[in-house]
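Each reported figure results from applying straightforward, stated rules to the coordinates on display, with no laboratory input. All figures in this text were calculated on a predicted structure; none of them were measured in a lab. Heads up, the Cβs are rebuilt from the backbone with ideal geometry, glycines too, and the neighbour counts pull from every protein chain shown.
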Amino acid sequence: VDSEVVLNLIAYSARPTIEERVAEAVNQIKGAFAILLMTDNKIIAVRDPYGFRPLVLGKMENGWCVASESCAFDLVGAELVRDVKPGEMIIIDSDNSEPRSMMWAENKPAKPAHCIFEYVYFARNDSIIDNQSVYDARIQMGRELAKETPDIHPDIVISVPDSGTPAAIGYAMEASVPFLEGLTKNRYVGRTFIQPTQKQRANAVRLKLNPVRSVVEGKSVVMVDDSIVRGTTSGKIVKLLKEAGAREVHVCISSPPVTDSCYYGIDTSERKELIAARCTENEICRYIGADSLHYISLDGMKRAIDKIDPEGLCCACFSAKYPDNADSVIKAEPESIIE
C-alpha cells in the first residue's frame, strides 16, 4: 500500500528530527494525501500542497485531535478549530499547548485544488470542508439543477439515497414540487460505486434500493442522483421505478458528466469504462432507459460551492484539467511510477 512507501521514505531519511524526516519524505511524493503519523510522544499531520483531500484540526477539553472530516469531531465532543492548510504540517506534542505548524512544501502551487467531488459524493453531509458546509453545497446543487431544467414538470422529486438526497431536496425547494421518499435504502449494503466487479455492483443495486410503489406509481418522477460513472447503476434504478409503475422518470444529476479518470486516490475506473467519455448525453439517456437526462453545468456546480474560490477547485474528472499534470506523467512513465 502507498502508506508503506511513505513510511520507508521517512525511515531512509538522515535528517535529525522526525518532523524534518517527514517533510523530506512527503516532498518526494506527488498526488493527493492527508497523512497522520504517531510516534511515542507526538502526532504529526500533513496535507498535500494542493489540498486535494480534507484534513481538519480539532480541540478537545483535554487535548487536540486531527481528522479527515469535521463530522468525526462531533462524535468525540471536539470543536472544529480550522482546516489544515495545503502544504502544512501540524505537530501535536502536548495535551495543552497549541500545536506547532510548519509549511513543508518546497514547491507550493500558486493556488489550491480542493477535490470538488468531496462536495458531490465522498464527504458526509454533516461535514464542513475548507469552510464550506457539504450539506449546503448539495442543497444549492439541487437548486441550480432545477434552474437549469425549467422544461420538466414532474409530480414529485425523489432521490437516490443517501448522497443524492440533499440535492433532491434543493431541487424540490426551487421547483416547488413535493420531495418524497420514492426509494428505500437497505442500510446493510455498502456503496455500490466502489464494488470491485460489475457483477457485484449490479447485484448490490437491487439489494440496496427498493422503490415505494405507492409513492411513484402513475407519477412523473424527477430522480436526483449525485453522479453517473459507468451508467449501469442508474439504468437498474430507472428500471426498478418503471416496474413499480412510474409513468415517467427524468434523471437529474448534481454533477457534470464524469469524463476522465481520477489519479488522486479515487477509483473512478479507466477512461474507457466511464460512460460519459464515450457516449453523448442522449445516448446515455437511452442506455439507462430514462425519459430525459440532465446534468448540472460545471459553472452551476461551482456556484453551489460558494465559500470556495472556483479557481481553487480540482475538477479534473469533469474537465481533464489536472492541476499537477498527473495524466501526462502517468501516460508517459507508467512502469517507472509503479516501480
- Task: For the chain, list log₁₀ I(q)/I(0) at each q in 0.08, 0.14, 0.15 Å⁻¹, using the Debye formula over Cα point scatterers of equal strength and ignoring solvent, two decimals each.
- Result: -0.43, -1.14, -1.25
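Out of all DSSP beta bridges in the chain, what portion is antiparallel? Express it as a percent rounded to 5.
60 percent
Which GluC sites (Glu not before Pro) does region 12-101 hold that lie in a coil by DSSP with at most 14 other beta carbons within 10 Å? Can you show the working numbers first?
Values: sites: 19, 20, 24, 61, 69, 79, 88; in loops: 61, 69.
Filter output for region 12-101: 61.
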- Item | residue 81 long-range amide H proximity, modeled H, under 5 Å | 57, 58, 59
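Using DSSP, restrict attention to beta bridges with both residues in region 117-319 and report what percent are antiparallel, rounded to the nearest 5.
Taking every DSSP beta bridge with both residues in region 117-319, the antiparallel ones total about 25 percent.
Only Lys, Arg, Asp and Glu count, each charged at its Cβ (+1, +1, -1, -1), so figure out the dipole size of region 117-319 about its Cα centre, rounded to 20 debye.
On the way: 25 positive and 27 negative charges, 197 e Å.
So the magnitude is around 940 debye.
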- Rh (Kirkwood; distinct C-alpha pairs) - region 55-109, Å: 11.8 Å
- Treating the beta-carbon of each Lys and Arg as +1 and of each Asp and Glu as -1, no other charges, what is the dipole magnitude of the chain about its Cα centre, to the nearest 20 debye? 1080 debye
- Query: So what is the 222 nm mean residue ellipticity for the chain from helices alone, if each DSSP H run of at least 4 adds -39500 (n - 2.57) and you divide by all residues, rounding to the nearest 500 deg cm²/dmol?
  - Reply: -9000 deg cm²/dmol
- Message: Just to check I understand the Karplus step: with θ = phi - 60° and J = 6.51 cos²θ - 1.76 cosθ + 1.60, what whole-Hz values come out for region 48-62, glycine and proline as x?
- Response: 4, x, 8, x, 3, 9, x, 7, 10, 9, x, 10, 9, 4, 10
- Task: Using amide H atoms built 1.01 Å from N in the peptide plane, name the residues 5+ places from residue 114, or on other chains, whose amide H lies under 5 Å from its own.
- Result: 313, 314
- Item | For region 226-321, average projected area of the Cα convex hull in nm² | 6.7 nm²
- For region 150-164, just list the computed ³J(HN,Hα) in residue order, Karplus coefficients 6.51, -1.76 and 1.60, θ = phi - 60°, integers in Hz, with x standing in for Gly and Pro. x, 8, 8, 10, x, 7, 9, 10, 10, 10, 8, x, 9, 5, x
- Message: Can you compute the radius of gyration and Dmax for region 117-319, using only the Cα atoms, both in Å?
- Response: 15.7, 45
- Message: Which one, 238, 173, 279, projects farthest toward the positive side of the charge dipole computed for the chain from Cβ point charges (K/R +1, D/E -1)?
- Response: 238
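Using only the alpha carbon atoms of region 2-110, find the Kirkwood hydrodynamic radius as the inverse mean reciprocal pair distance, in angstroms to one decimal.
Values: mean 1/r = 0.0702 Å⁻¹.
Hydrodynamic radius (Kirkwood, Cα only) of region 2-110 equals 14.2 Å.
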- Message: Could you give each residue of region 278-292 its phi-based ³J(HN,Hα) in whole Hz, using Karplus coefficients 6.51, -1.76, 1.60 with θ = phi - 60°, and x for Gly or Pro?
- Response: 10, 10, 6, 4, 5, 5, 5, 4, 5, 4, 8, x, 7, 6, 7
